[in-house]
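S.K.: If you scroll down you'll find the structure; I have some questions about it.
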Amino acid sequence: NVHVEFFEPNMTSFVQPCDAGVIQCFKATYWCNFCSHTLDPDDAGECEIYKIDLLEAMTMAKKAWNTVTSETIAHCWNHTKIQ
């Protein structure tokens, strides 16, 4: 006895707070860190400047997540008006 309700188009960001900005903030910071990471190998003349190991990627992800503030998360939840 399951009743399925479909969302209207473009409704995702209103009902999922992470889509309303938390993921965007995280990705923007991660991408900035990643691009900054490529500058040193490029200056050194290396060919594969975009190659990073798993530890570096996880460290950059942790730094990016730490820049997402509680105010950002609260704003995204308030934007969805779910609460």
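S.K.: Ignoring ligands, DNA and RNA, please state the percent of accessible area on the stretch 15-80 from carbon and sulfur, probe 1.4 Å. It would help to have the intermediate numbers written out before the result.
M.R.: Details: 2860 of 4760 Å².
Looking at the stretch 15-80 in its full context, I get 60 percent from C and S.
S.K.: Taking the Cα-to-Cβ direction at H79 and at N10 and moving 7 Å from each Cα, how far apart do the two end points lie in nm?
M.R.: Taking the simple label geometry, H79 and N10 are separated by 1.5 nm.
S.K.: Three principal axis extents, largest first, for the C-alpha atoms of the stretch 15-80, in Å?
M.R.: 47, 17, 16
The values are calculated or read from the model by the stated rules, or taken from the named source; none is laboratory data. Treat the numbers as computed from the prediction; the structure is a model and nothing was measured. Neighbour counts are summed over all protein chains in view; Cβ atoms, including those assigned to glycine, are modelled from backbone coordinates with ideal geometry. Ligands, DNA and RNA are excluded from the accessible area calculation, which covers all protein heavy atoms including side chains. Shrake-Rupley method; radii C 1.70, N 1.55, O 1.52, S 1.80 Å.
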